[in-house]
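Engineer: Take a look at the following structure, please.
The values are calculated or read from the model by the stated rules, or taken from the named source; none is laboratory data. As the structure is a prediction and not an experimental result, all values here were calculated from the model. In this analysis, Cβ positions are derived from the backbone assuming ideal geometry, glycine residues included, and neighbour counts consider all displayed protein chains.
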């Protein structure tokens with residue numbers, strides 16, 4: 001019998017709240033974190049997209065100036081979320097050789113990389129900061145969290161585009177089940193609201209261009225959805241072997257019952273139109289957690305609000321859950337905070353854990369005319385989840401054909 | 001030409017910006033590594049910022065000889081002369 005893994009700490013910094021209590025309150029109220037960008041570079045480069053969902057609390061309001069100087073913005077968000085999760089777990093004594101980190105990113109230190117390139121071209125090589133490489137490397141956030149907490153059982157960085165944060169949970173579960181660690185700080189961080197990624201995502205027609213109405217631009221499942229909204233931030237969760245948590249009398253939010261990762265091997269960016277890879281991921285996570293379709297009451301969907309992405313996820317959910325999918329409360333929380341890329345899975349894991357713990361599903365906003373081809377029961381007003389034993393799933397899919405699913409069960 | 005006092009004050013500001021150390025802690029007899037706990041990466045950032053501030057060039061091979069704040073002040077002062 002595999003070791004049972006539970007969640008004992010939560011942290012987040014997002015466009016709808018700079019900490020978990022604020023984010024959760026807003027997620028149940030239904031707010032938009034998307035706003036018009038006031039940066040001079042929007043006009044300077046004539047970007048086709050003029051808005052994004054920035055973190056509601058700037059990192060420099062939380063970290064000291066000197067601390068922040070040595071971190072890429074993505075690492076700043078990751079450290080903020082990890083510290084909140086760690087404090088929330090109330091762990092005071094730990095064998096640091098048994099504490100690991102699995103902290104993901106989709107893109108990594110893009111601000112640092114491109115700032116250094118600008119400096120090289122404008123001022124020459126002497127002015128390129130000596131901290132440039134450790135700040136831009138994608139493992140920078142995992143390394144910073146490991147340093148901060150003294151985690152010596154390994155610091156890992158799953159990178160699978162927008163599935164990265166969820167894949168970190170998959171890895172964390174494995175590390176504890178296999179006995180390599182007792183506690184793992186999992187998460188994801190991203191800070192890519194920079195003109196280059198905005199231009200690149202825009203070139204591939206992935207971003208919404210609702211420039212005159214940013215708050216209503218992210219509209220998963222709506223007939224008039226036209227792309228995702230770039231978000232930023234981080235989420236973090238403390239995973240712990242159940243016996244370790246019980247021994248110290250910890251507050252346990254929920255069990256991480258099962259996880260899975262699959263690959264489409266279909267197309268580098270387009271999802272398999274039949275959702276076959278996603279279906280296999282859903283079934284594998286349910287098998288891993290010994291979960292029947294009827295146990296599932298809630299899904300935090302990947303649902304980015306792109307015309308092509310939302311429907312295959314529905315197809316996969318119906319294939320994995322059968323007719324029971326009609327009884328499942330589905331939340332598309334990217335409607336509120338945009339798409340946090342490699343951080344999205346971690347933030348959505350935090351929301352899914354809280355949904356099970358608090359028995360409340362977060363809201364989907366901006367759903368005015370539901371796409372008739374996606375007849376899901378979408379949560380658009382306050383919704384209580386049933387009493388008794390329940391399971392919630394959270395899906396993440398990334399460019400490259402990555403599919404990752406986690407299953408959260410009440411304790 | 002900056003006086004040695006002005007160079008010290010300017011260096012102290014650069015060290016404060018990089019490390020958060022109080023400017024009063026940056027004294028002539030203090031060792032960058034032993035007393036001020038400045039690692040090699042911070043030291044290079046301080047050197048490059050000092051080059052820009054004082055309009056001098058501090059070659060990479062010279063940096064290891066700048067053990068104390070006073071060494072750096074003297075080097076910058078001579079380089080400006």
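Engineer: Within the bounds of the range A:140-156, is there any residue that is within 14 Å of chain B (Cβ to nearest Cβ), surrounded by 24 or more Cβ atoms within 10 Å (Cβ to Cβ) and in contact with a helix residue (DSSP H, G or I) (Cβ under 8 Å, 6 or more places away or on another chain)?
Structural biologist: yes
Engineer: Could you go through the range A:99-108 and let me know if any residue there is farther than 19 Å from residue A:347 by Cβ and either modelled with pLDDT of 95 or more or more than 14 Å from chain B (Cβ to nearest Cβ) (or both).
Structural biologist: yes
Engineer: Looking at A:290, A:318 in this structure, which one is surrounded by fewer than 19 Cβ atoms within 10 Å (Cβ to Cβ), modelled with pLDDT of 95 or more and part of a loop (DSSP other than H, G, I, E, B)?
Structural biologist: None of the others qualify; the one that does is A:290.
Engineer: Now for a different question. Is it the case, given these coordinates, that residue A:30 is over 28 Å from residue A:205 (Cα atoms) and under 23 Å from the mean Cα position of the chain (by Cα)?
Structural biologist: The answer is no for residue A:30.
Engineer: Select the helices (runs of 4 or more DSSP H) contained entirely in chain B, then report the ones holding at least 3 residues which are crowded, with 16+ Cβ neighbours inside 10 Å and away from chain A (no Cβ under 14 Å).
Structural biologist: Correct list: B:4-19, B:69-80.
Engineer: Does the range A:58-73 hold any residues that are in contact with a helix residue (DSSP H, G or I) (Cβ under 8 Å, 6 or more places away or on another chain), free of Cβ contacts under 8 Å to residues at least 60 places away in the same chain and more than 14 Å from chain B (Cβ to nearest Cβ), and which are they?
Structural biologist: Residues satisfying the conditions are A:59, A:62.
Engineer: Checking the conditions here, which among A:341, A:351 is in contact with a helix residue (DSSP H, G or I) (Cβ under 7 Å, 6 or more places away or on another chain) and at pLDDT 95 or above?
Structural biologist: Sole residue among the options that is in contact with a helix residue (DSSP H, G or I) (Cβ under 7 Å, 6 or more places away or on another chain) and at pLDDT 95 or above: A:351.
Engineer: What pairs come up if the first residue lies in the range B:44-65 and is over 21 Å from residue B:6 (Cβ atoms), the second is modelled with pLDDT of 95 or more, and their beta carbons are under 6 Å apart, counting only those six or more places apart or on different chains?
Structural biologist: Sorted first by the residue in the range B:44-65, then by its partner, the pairs are B:63/B:47.
Engineer: Filter the range A:109-139 for residues that are without any contact (Cβ under 8 Å) to a residue 60 or more places away in the chain and assigned to a loop (DSSP other than H, G, I, E, B); which is nearest to the other protein chains (Cβ to nearest Cβ)?
Structural biologist: A:130
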